[in-house]
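Laboratory data are not the source of any read-out in this text; all were calculated from the coordinates shown. All values derive from a computational prediction rather than experimental measurement. Backbone-built Cβ (ideal geometry, glycine too); neighbour counts: all protein chains shown.
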Amino acid sequence: MRRAFLVVMDSVGAGGAPDAGDFFNAGTPDTGANTLAHTAQACATGRAEGGRSGPLRLPRLDALGLSAAVRLASGADMPGLGASPRGLWGAAEEVSPGKDTPSGHWELAGVPVPWEWHYFPVTVPSFPAEVTEAVCRAAGTEGILGNCHASGTEIVARLGEEHLRTGWPICYTSADSVFQIAAHEEAFGLERLLSLCRAVAPMLHAMRVGRVIARPFTGRTGAFTRTGNRHDYAIAPPAPTLCDWVQAGGGTVHAVGKIGDIFSMQGIDDVARGTDAQLMRHLGRLVDEAEDGSLTFANFVEFDSLYGHRRDVSGYARAMEWFDGAIAPVIDRLRPGDLMILTADHGNDPTWCGTDHTRERVPVLGAGQGAGEMGRMAFADVAATLAAHLGLAERGKGQDRRPA
């Protein structure tokens, strides 16, 4: 009579990655980046007063062992936090050669990435001619707009009017291995945008670009707004993941947030989407209703998408404090036999330079199965822990998942 819940706090890193010097933001190595510790330090020194005030308050996560996990990961303290852990706690280290969403999630689900992702150069144009030509063919247009690295909100604001005038899709990328296409839901058409992304995804995946992302927006010049109909077309994982192990054992896999997109629906039975607030309600519903033997796999993305990339320390702190308060009653409703693990897929230190993710270890917190230190582990040990809890054999791993 056991159930498993894997909750990813997207980008909530704990510092300390030994290979951080191999990863960069604006030409600066990620050495020393620490999302949680630096956010707490900024709050304690009055540098995160936008919409909140004072030291960072995370009583429920800290009671599980959050500040202890940060100390284990990086040796750093979180001012104002330091509770004696009453849950399972540890810190995990990634071995995949990336600090992106698919790498982190796949490895947490037991499958390190066996290849190097393709990243587009920071040039104008960013994309090779064959990619541009394929988009034009699929879209039925004479050209594309953008063709560069950009923030999604910035490029829509800058090129949205031209997009409405020409009908050309807005194509851009970032420091992640992604190809993003923005288009107006009414003028261009949502289904047309999704069909365009589906059409070009195989070509981009063959280049080892991790995701093709549809970025629909609405509105008019000066007031464009991205909608909630984003869709990611991701490369499928290269081997069976925890999700597949659960299904092979007769269990159901419920995805909350962008999990279905990240795993290309491989091993996923159903998906709940929405804002983080809506996703928390879905997670609470599944804690109340999910079947015995099931896995609920959730991602809360707004730490990363709304605040980390924008280097908004106050916003990041607000999101953490909201999450701490919202997850507490959900944890309280866990049944005997449940295990919920809360962790992250990478860092995104809002105090750091640049706009990219940061290479960090991540906290690993466990609720529902007692208390104790789990120590340092690999990302893939999270999958192994949940599989063992559910009484499942790990299937198809075949790779050493221990950190060097």
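Worth a mention:
- Its convex hull of Cα atoms gives the stretch 144-184 a direction-averaged projected area, equal to a quarter of the hull surface, of 2.4 nm².
- For the stretch 138-209, a/c is not less than 1.5, where a ≥ b ≥ c are the root eigenvalues of the C-alpha gyration tensor, and a/b does not top b/c. That puts it in the oblate class.
- Ellipsoid equivalent to the stretch 47-87 - semi-axes via the Cα gyration tensor, in Å: 20, 13, 7
- When the helices of the chain are scored as -39500 (n - 2.57) per DSSP H run of n ≥ 4 and the total is divided over every residue, the value at 222 nm lands at -10000 deg cm²/dmol.
- Difference of contour (0.36 nm per residue) and Cα-Cα distance, TRP115 to MET203: 30.0 nm
- Each DSSP beta bridge with both residues in the chain is either parallel or antiparallel, and the antiparallel ones are about 35%.
- If you plug the beta carbon distance of THR141 and GLN266 into 1/(1 + (r/R0)^6) with R0 = 25 Å, you get a FRET efficiency near 0.20.
- Helix runs (DSSP H) in the chain reaching 20 Å along axis by Cα, Kyte-Doolittle at least 0.0: 190-206, 313-332
- Filtered trypsin sites (Lys or Arg not before Pro), the stretch 192-236: DSSP coil and at most 12 other beta carbons within 10 Å: ARG220
- Highest average first, the peptides 135-143, 277-285 ordered by how many other beta carbon atoms sit within 10 Å of their residues are 277-285, 135-143.
- Of all the options PRO125, PRO112, PRO85, the one that moves most in a Gaussian network model of the chain with Cα springs shorter than 10 angstrom is PRO125.
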